[in-house]
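The values are calculated or read from the model by the stated rules, or taken from the named source; none is laboratory data. No experiment lies behind these values; they were computed from the predicted model shown. All Cβ positions, glycine included, derive from the backbone under ideal geometry; neighbour counts span all protein chains shown. We work out accessible area using only protein heavy atoms, side chains counted, and drop any ligands, DNA or RNA first. Shrake-Rupley method; radii C 1.70, N 1.55, O 1.52, S 1.80 Å.
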Amino acid sequence: MNVDSQEPWLIDLTDTQRQAVTHSGGPLLVLAGPGSGKTRVITRRIACRIAAGVPAWKILALTFTNKAAREMKARVDALVPADAPGRRGLVVSTFHAFSAGILRRYGAESLAASIGTKPLAAEFSIFDMDDAHAVIKAAISQANLESAQWQIGSVATEISSAKNRLLSAAEYAQNALDFRQRTIARIYAIYEKELVRQNALDFDDLLMRTARMLRDDPVVLAQLQGRFEEVLVDEYQDTNHAQFTVAHSIAREHRNICVVGDPDQSIYAWRGADISNILEFEEHYPGATIVPLGENFRSTSHIVAVADQLIRRNSARRHKDLFTGLGEGVPPKIAMLSDEISEANYVVEELQRANRAGIQWREMAVLYRMNSLSRTIEDALRRQNIPYVIARGTVFYERREVRDTLSYLRALVNPMDEQALRRIINVPARGIGATSISKCAAVATARGCSLLEGMMMARQAGIAERTAKSIDGLVMVLARYRSELEIKPAENLGPFVARLITEAGLERAAAAIADDDQDAAERKSNVQEVANAASLFVLPESQPDGRPATLGDALRGFLESVALVADSDVVDPERGVVTLMSLHASKGLEFHTVAIIGIEEGLLPHSRSMDSPQAVEEERRLFFVGITRSERSLLMTCAATRAVRGLRMRTIESGFLREISGKNIQRLDLTERVEFEEDQDRPDGDRRQGVGGSRRGGDGGFPAGTIVRHAQFGVGTVEEVLPRGSLTSVRVRFRSAGVRTLVLEYAKLEVIA
């Protein structure tokens, strides 16, 4: 291919990046190490293929988060003008969003997309985890099983695993080997039947049904193979079997597939990711070109060396030399503290030190293997008035008043969505009791219709006139707004949602569940924010049949975008706050200063991984991902003791830390570290004097055996007095906080006995 080296998509590329970008066709595997510019490579490759004459509408780029899809699309837009020949129609999407679009277009026509004989209606709802768990809970009850013995989360995980393997409930039952699997098969069958009845799909259904349709429907497959002549997949190491099937089915004939990923960053086996997809790429595509990207443009060499030293211990990987041209930087620290409170205080002190050196809060992150570890960090940050945010995927959309509003919208686009309808029947309060709802549901069941249709027959169900009128009011509102969906243009979405909020009384309903006036104002603001979000939503592409997009198209697209929000989508790098997040959620992000806490056996690696070498390797990859989030400063901590279920337990430093050694690391044993109070940085003349500071004597008035109370650590017993020059310290064994070494001048201890 003759490509001008001065074209914008070829400027400032390394030799290996250029090789990946300009590869002319056929299967390509780009092994992209951390910080190696994989997004740059994949977006510039798209621009290069368009310049080479491939129409943009024949290119399909798939990734995992909305944030990544938006960034990729924006970069391509900056490289290739919108009015360039062949520029229109590029599809850059998440797997889930792409699958939802394919199912809406082809699902109703393809029996392969259905479960059983009932076609998939295009207006299906997407159930989030809460919705799915509610239906699974009901399925467990309907199967006459004890919920204590069949926990919802465990059953949901098994059903998800079955769907990742493209197994329907009937197929799963055929393969059930033991009592547990046969029982879950019963639950799965009820769950599946209920989803079909409500015309709803869960997240796994989006992938499973699309994969089955491409596997079993040659007509649909031929159309998609004809439409997309180039397939690019980002984060290929995270694909599960269903995602592999989708991408492979479209690309297997023309073999123009480029996958970008890193086996060393495969950390989602627990949700179905199959590392063999990337490790065995050449078996699926013989003759594939392999391009390794090992240069790290994010982190300094000490950090890169530590990460490389760690990950070399894994066997399930494709080796590539990791290196950087950013200089040595500061060696990462490994610090052992006495307990989790000391650990949190030390981490916060290090963040404060970085802030005083000019690093902004938004450039810092604290990472952990388990969300429960965030509590002590939060406490320490609050004590020092440091702003922070916990990055958990769909926090805004999980708020009660927001879910109520979205349920109204779901009930409009899918009249069969019983989960949404049940949620809004009494929002705002209409005096419709559980008995009345049960009567409507019984009529619906007897007549084989939806709950909404059962509500239209409220009087035939024997419901009192007053209650029936309340039900009529809700039904009429839904019918009136539903009638607008296919006749008004997509641009009306924002005003449409705002009108519905007002007429349905959703702000009033939000205020009714508030604790006080301030809470009411915030909840009403949250409801209004749904309308704001709707007004900003733009459909990603025109309708497949060329017709103008309707209000219904826009509303379905908006609800999809909300349902498919991922953890990293909510991380705003411009917010002036420290980010707290799990190691899993940190993938794809980067920060100047990173602290990873709780690096102990049983936490990282997690106790569940101990019996499986493959699982331990994934835990090592998870640690590798955390290390490589850091650009310039990395702190790794563990505690000698930690509270576990209310008991103080001794811990063991993670074996992963013992795999890191040499000049690239600085080790600190701070288990004897003196704990100062909040006023430790005050000038000497301004230090506050507590009871301890006013007592005299060689032991400071607190001889061994004295029972004392501390404002933060509670009640404890003095074990030892430690003279330290002009200051005196005591080692105290607290009942709940463990052993602490405190400076009496600052500790403000109160003698109990």
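Using the alpha-carbon atoms, what tilt in degrees (0 to 90, nearest 10) does helix 551-563 show relative to the longest principal axis of the chain?
Compared with the principal axis, the helix lies near 30 degrees.
How large is ³J(HN,Hα) for each residue in segment 476-490, as worked out from phi by the Karplus curve 6.51 cos²θ - 1.76 cosθ + 1.60 (θ = phi - 60°), to whole Hz, x for Gly and Pro?
Values per residue, Gly and Pro as x: 5, 4, 5, 5, 5, 6, 5, 5, 8, 4, 9, 10, 9, x, 4 Hz.
By a straight-distance test (C-alpha under 22 Å), which lysines pair with Lys333 as possible cross-link partners, with residues fewer than eight away in the same chain excluded?
Hits, sequence-local ones excluded: Lys587, Lys663.
Under the rule of -39500 (n - 2.57) per DSSP H run of 4 or more residues, summed and divided by the residues of the chain, what mean residue ellipticity at 222 nm is obtained, to the nearest 500 deg cm²/dmol?
Roughly -13000 deg cm²/dmol at 222 nm, from the helical runs in the chain.
Could you compute the FRET efficiency for Ala615 and Arg356, with r as their C-beta to C-beta distance and R0 at 45 Å, rounded to 0.05?
0.65
Mind ordering 526-537, 264-275, 380-391 by average Cβ neighbours within 10 Å, highest first?
Result, highest mean first: 264-275, 526-537, 380-391.
So, in nm, how far is label Asp216 from label Lys118 when the simple model puts each one 7 Å beyond its Cα toward the Cβ?
In this crude label model, Asp216 to Lys118 measures out at 1.6 nm.
Quick check: net charge around Ile665, other residues with Cβ under 12 Å of its Cβ, Lys/Arg +1 and Asp/Glu -1?
So the surrounding residues net to +3.
Using 0.36 nm per residue of separation minus the Cα-Cα distance, give me the extension gain between Ala464 and Arg227 in nm, one decimal.
79.7 nm
Charges at C-beta only: +1 for Lys and Arg, -1 for Asp and Glu. How large is the resulting dipole of segment 2-110 about its Cα centre, in Debye rounded to 20?
Dipole size: approximately 320 debye.
Note the full-extension length gain between Ile11 and Asp472 as 0.36 nm times their separation in residues minus their Cα-Cα distance, in nm to one decimal.
159.5 nm
Go ahead and run the numbers for FRET between Glu653 and Ile290, Cβ-Cβ distance against an R0 of 45 Å, rounding to 0.05.
Between Glu653 and Ile290 the formula returns 0.75.
Local charge sum around Ile359 (other residues, Cβ-Cβ under 12 Å, Lys/Arg +1, Asp/Glu -1)?
Summing Lys/Arg as +1 and Asp/Glu as -1 gives +1.
First obtain the Kirkwood hydrodynamic radius of the chain from its Cα pairs, then insert it into the Stokes-Einstein equation at 20 °C and 1.002 mPa s, and state the resulting D in µm² per second as a whole number.
In µm²/s, the coefficient rounds to 74.
Quickly rank 583-591, 249-257, 432-440 as a protection proxy: mean count of other C-beta atoms within 10 Å, highest first.
So the peptides 583-591, 249-257, 432-440, ranked by packing, come out 583-591, 249-257, 432-440.
Could you calculate the contour length gain from Glu328 to Ala84, that is, 0.36 nm times the residue separation minus the distance between their Cα atoms, to one decimal place in nm?
Length gained between Glu328 and Ala84: 83.5 nm.
How many nm is it between the label spots at His254 and Leu668, if each spot is 7 Å from the Cα in line with the beta carbon?
The answer from the label model is 5.5 nm.
Identify all lysines with a Cα-Cα distance to Lys163 below 17 Å; exclude those on the same chain that are fewer than 8 residues away in sequence.
Once the sequence-local lysines are set aside, what remains near Lys163 is Lys193.
Taking θ = phi - 60°, what integer Hz values does the Karplus form 6.51 cos²θ - 1.76 cosθ + 1.60 yield along segment 237-243, in sequence order, with x for Gly and Pro?
Couplings: 5, 9, 6, 9, 5, 5, 5 Hz.
Give the peptides 325-332, 156-163 in descending order of average Cβ contacts within 10 Å, highest first.
156-163, 325-332
Whole-Hz ³J(HN,Hα) for each residue in segment 624-634, computed from phi via Karplus 6.51 cos²θ - 1.76 cosθ + 1.60 with θ = phi - 60°, x for glycine and proline: what do you get?
For segment 624-634, the Karplus-derived couplings read 4, 4, x, 4, 7, 6, 7, 8, 10, 9, 9 Hz, x marking Gly and Pro.
Say each of Thr502 and Thr157 gets a label point 7 Å from the Cα, pointing the same way as Cα to Cβ; how far apart are those two points in nm?
So the label points at Thr502 and Thr157 sit 4.9 nm apart.
Rounded to the nearest whole Å², what accessible area per residue is found for segment 360-461 with the 1.4 Å probe?
Accessible area per residue: 42 Å².
Which value, in nm² and rounded to one decimal, describes the direction-averaged projected area of the C-alpha convex hull of segment 182-248?
That works out to 6.1 nm².
Which value, in Å³ per residue, describes the convex hull spanned by the Cα atoms of segment 44-121?
Hull volume over Cα atoms, normalised by residue count, gives 103 Å³.
Among all the lysines, which ones have a C-alpha under 22 Å from Lys469's C-alpha, if same-chain residues fewer than 8 places away are not counted?
Partners within reach: Lys439.
How would you classify segment 444-540 from its alpha-carbon gyration tensor, with a ≥ b ≥ c the square roots of the eigenvalues: rounded for a/c under 1.5, else prolate if a/b is greater than b/c, otherwise oblate?
Cα axes put segment 444-540 in the oblate bin.
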